[in-house]
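Read-outs throughout are calculated quantities, based only on the coordinates presented, and are distinct from any laboratory measurement. Since the model is a prediction, treat every value here as computed from it, not as a measurement. Cβ atoms come from the backbone with ideal geometry, glycine included; neighbour counts cover every protein chain shown.
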Amino acid sequence: MDSLRGGERHGLVSIASTLRPTAVTVDLAAIRHNIGLFRDTVGEGVEVMAVVKANAYGHGAAVVGRQALEAGARWLGVATAEEGSALRQAGIEAPILILGQSTPDQIVLALEQGLDITVFDLGTLDTVVGCATKTGRKAGVHVKIDSGMGRVGMAPEAFDERWLKALDHPGIHWHGLMSHLAESDAPDDTFTRVQLARFLDVIEFIRIRRPLPPYLHLANSAAVLRYPGTHFNLVRVGLGLYGAKPFADAQGLWPALSWTSQVVYVKAVPAGFWVGYGRTYRTEAPAKLAAVPVGYADGYRRGLSNLAEVIIRGRRYPVVGRISMDQITVAVPPQDPVAVGDTVTLMGVDGDQSVSVDELAEKLGTISYEVLTGISERVPRRYVDTEILRGI
Ligand SMILES: *Cc1c(COP(=O)(O)O)cnc(C)c1O
């Protein structure tokens, strides 16, 4: 019985998942290129934090994190202590900031793993101090101001003398003051300017009383590209690191992720043939139907039913009928040479056709962030380096 548990069983699982033709491929050269673009944009004296929360927006946090650091990012940003801890287990020693709030247990983990903590209420800061005192480790903290996001963070006017006193505790390394923009991707800059002014007020309050903490940071990807005044000396880059556009006319980024599968079955059907659950699609003319082993359990969302297109042999074809948990059906004109084994591009480039993450997001009525982070764990991630490929 025991031999059916442990290693053997895990071995089988991992073999099975990599044999499946459905996979995400991440181009490490694109990650480096995008970091380079952001570094050139901010220039000397401003550091880049690569935001690799949510498994690097679905791209694989440890691999992408390492690549971003190699390309010159100085920090990594995560959402939770657990995500940061996983990066430490993978051998990454760079500074890591937990961007979300931390519970007392997560604060213990953060201190053990040397992760910086975001704080925005004095109670949490107390917990951090207590934990630092108990363990004898210093806690790196960044104070978060709500300059207009209206989510976590303290009101600018709530940052007062009590905070300065509490941050002076010998168990604390006060590393940063930060805030987050609500509308840096919108065409209208009015509210971003309001947020910047509120953030500057807090900086001024500190500056006239004591030395500033070493890092001031406000900008996400969109703000880095659109508002140099928000750079301060550290910027937090997520979406753009992956080459997705932070706003419609963003230039020069390379999409890092492609998502492909294979045609596993083709059959010729007559006109008037129904396809899929609920019979939502009926062929108007004789057609070939190609089955592709990807579905909503992979994150190829059911909302794309009868809306998405895929690329096979450099041509676009519609996804017809309902998307199932594990399969989709693609309609092909009878004369087109689509065959079993053909590569199916769900997202990415094939020949002169491409399907962008934004195209899928728009069809779903959502944003690229949700599409990328929605690609499920069942889909294996593979890594290529097109710079090395080009060199061969
Ligand atoms: C996720 C996140 C970012 C990255 O935002 P992008 O728009 O993906 O660049 C930056 N800052 C904070 C606080 C975040 O939570």
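Once every DSSP H run of n ≥ 4 in the chain is given -39500 (n - 2.57) and the sum is divided by its residues, what mean residue ellipticity at 222 nm do you get, rounded to the nearest 500 deg cm²/dmol?
-9500 deg cm²/dmol
Per residue, how much space in cubic angstrom lies within the convex hull of the C-alpha atoms of the chain?
181 Å³
Binning the alpha carbon pair distances of the range 34-154 at 10 angstrom intervals from zero yields the distribution 14, 41, 34, 11, 0, expressed in whole percent. Reducing the range 208-258 and the range 169-187 to their Cα centroids gives an inter-centroid distance of 12 Å. Straight Cα distances below 16 angstrom link Lys288 to the lysines Lys267, with same-chain residues fewer than 8 positions distant left out. Using the average count of surrounding beta-carbon atoms within 10 Å as a protection proxy, the listed peptides 217-228, 323-334 rank, highest first, as 217-228, 323-334.
Computed over every Cα-Cα pair of the range 258-332 and binned at 10 Å starting from 0, the pair-distance distribution P(r) comes out as 20, 59, 20, 1 percent.
When the chymotrypsin sites (Phe, Trp or Tyr not before Pro) in the range 213-252 are filtered for DSSP coil states and for at most 16 other beta-carbon atoms within 10 Å of their beta-carbon, the remaining sites are Phe247. Normalised size of the range 180-278, defined as Cα radius of gyration per 2.2 N^0.38 Å with N residues, equals 1.82. Cross-link partners of Lys363 among aspartates and glutamates, defined as those whose alpha carbon lies under 14 angstrom from its own and excluding same-chain residues fewer than eight positions apart: Glu309.
Nearest 5 percent is fine: what portion of the DSSP beta bridges confined to the chain is antiparallel? Before the final figure, lay out the partial values.
Numbers: 31 of 62 bridges.
The answer is about 50 percent antiparallel.
Three principal axis extents of the range 270-311 based on alpha-carbon atoms, in descending order, are 31, 23, 16 Å. Reachable aspartates and glutamates from Lys138, Cα under 15 Å, same-chain residues fewer than 8 places away excluded? Filter leaves Glu112, Asp116, Asp126, Asp168. Counted over the range 199-350 with a bin width of 10 Å, the fraction of Cα pairs per bin, in whole percents, is 10, 28, 21, 15, 12, 9, 5, 1. Over the Cα atoms of the range 235-293, the radius of gyration divided by the Kirkwood radius equals 1.28; this is the Rg/Rh ratio.
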